[in-house]
Every structure is written in C-alpha cells, then in structure tokens.
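Have a look at the structure below, then the notes.
The values are calculated or read from the model by the stated rules, or taken from the named source; none is laboratory data. Since the structure is predicted, the reported quantities are computational estimates derived from the model, not experimental observations. With ideal geometry, Cβ positions are generated from the backbone for all residues, glycine too; neighbour counts draw on all protein chains shown.
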Amino acid sequence: MSTLTDYRCPSDGSRVFSVGENLYKCVLCDRYFREKDGNLVPYALRVYPYGGDVRERLEVVGLGAPSKEEETTEPDAPFGEGLDDDMVTFIRRVAEALTPVKGYERDETFKRRAFKVRERFIGELTDCLTGKRDFNKWFDTTKTSLGKHPSDMTRIMYNALEGLKSSEAMQMQNSFGAAMQRSPY
C-alpha cells in the first residue's frame with residue numbers, strides 16, 4: 001500500500017512514495033528515507049547483536065563454534081622409507097603451503113577437504129623423492145591444477161627448503177634459487 005507524497009528525494013530530486021509508517025522510497029535511486037522535522041533523511045538500519053538464546057540455538061543446530069572433540073586435526077600422513085628428517089620437513093612445508101587453512105579455522109568441512117588434499121600431496125611428494133614418481137611431472141601437474149604461476153610454485157619450493165641442512169636439501173634449494181633468478185617474472 002504505497003501512496004505518493006509531496007516529498008522529493010534529497011539525492012536526485014525524484015518523487016518518493018510511502019512504503020510504510022514514516023518510511024519512503026525514491027522511484028529512481030531506490031533509496032529509503034524517513035521524515036524528520038519536515039525533511040527526508042536517509043533511513044538508518046540498526047543492527048542489534050544476537051542474544052544469548054540465539055547463540056545457543058545456533059550451536060545446537062551446528063552453526064556455532066565447533067566443540068573441541070569435533071574439531072578437525074591435521075592428518076599424520078605416512079612418509080616413505082629412506083627419507084631423512086630434512087626431506088620430511090620439506091614435504092610437510094610444501095603440502096602446508098599448497099593447502100593453507102589460515103582464515104578457515106571454523107569451517108570444518110573446508111579443513112577436512114584441505115587436509116585430505118594435503119595428505120595426497122604428501123604421498124605424491126614422498127613418491128617423487130623416493131624415485132617412484134617424476135618430480136618435474138608432479139610439479140607441472142600440481143601447478144596447473146592449483147592455477148599457480150611457475151615462479152610462485154618455485155618460490156614455494158625454495159621457501160620450504162629454507163633452513164634445512166642436509167646436502168640434498170641445500171642442493172635442491174640452490175637449483176630452485178637459480179631457477180628463480182633465471183625467471184623473467
């Protein structure tokens with residue numbers, strides 16, 4: 001039940017019509033106004049915080065903060081035999097960099113999927129470093145499936161090797177560093 005009024009929109013001068021008690025809407029810009037002291041002023045929407053009983057209902061339905069026992073934890077993926085501790089650290093760092101969960105701590109479904117993908121990356125990288133799989137092919141496939149630029153993927157590998165002391169880790173870091181310097185990006 002809308003009725004035309006004698007008021008004009010303060011924004012663009014168009015007609016306004018009444019959409020409720022002391023609530024008006026502009027026909028051109030669709031903004032809402034209210035009448036105050038004979039003039040139209042923008043309608044202010046007030047938002048009130050949830051009360052305690054609303055929060056309790058959200059938690060009952062499962063939309064609130066997860067309880068400690070249902071919280072998803074990072075899986076402990078198996079590593080191949082014959083890998084030294086530095087290579088295990090490298091694999092874990094790469095998998096964490098490719099599947100970040102920061103900012104999604106409360107989204108259990110997302111974390112569960114991310115940890116499943118992380119577990120797959122750990123298995124694939126372990127296979128690469130134990131000689132069961134070609135590392136370059138894994139690198140290209142993973143970079144493509146994640147939509148990463150080659151220089152970003154190389155930087156992830158380089159940073160994952162930071163601080164590792166084994167000769168294999170230092171050799172890999174030097175080769176990734178050289179690739180980053182040769183890259184035009």
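Do the conditions hold for residue 93, that is, is it modelled with pLDDT of 90 or more and basic (Lys, Arg)?
Numbers: modelled with pLDDT of 90 or more: yes; basic (Lys, Arg): yes.
Against the criterion (modelled with pLDDT of 90 or more and basic (Lys, Arg)), residue 93 qualifies.
Return only the number of the condition from (1) touching a Phe, Trp or Tyr at 6+ places or on another chain (Cβ under 7 Å); (2) at pLDDT 85 or above; (3) outside any helix (DSSP H, G or I); (4) farther than 30 Å from residue 18 by Cα that residue 33 does not satisfy.
Against the list (1) touching a Phe, Trp or Tyr at 6+ places or on another chain (Cβ under 7 Å); (2) at pLDDT 85 or above; (3) outside any helix (DSSP H, G or I); (4) farther than 30 Å from residue 18 by Cα, residue 33 comes up short only on (4).
Among the candidates 121, 176, single out the residue that is at pLDDT below 90 and surrounded by 13 or more Cβ atoms within 10 Å (Cβ to Cβ).
Numbers: 121 fails: at pLDDT below 90.
On inspection, the qualifying residue turns out to be 176.
When residues of the range 124-141 are filtered for being in a helix (DSSP H, G or I), surrounded by fewer than 18 Cβ atoms within 10 Å (Cβ to Cβ) and among the polar types (S, T, N, Q), how many remain?
2
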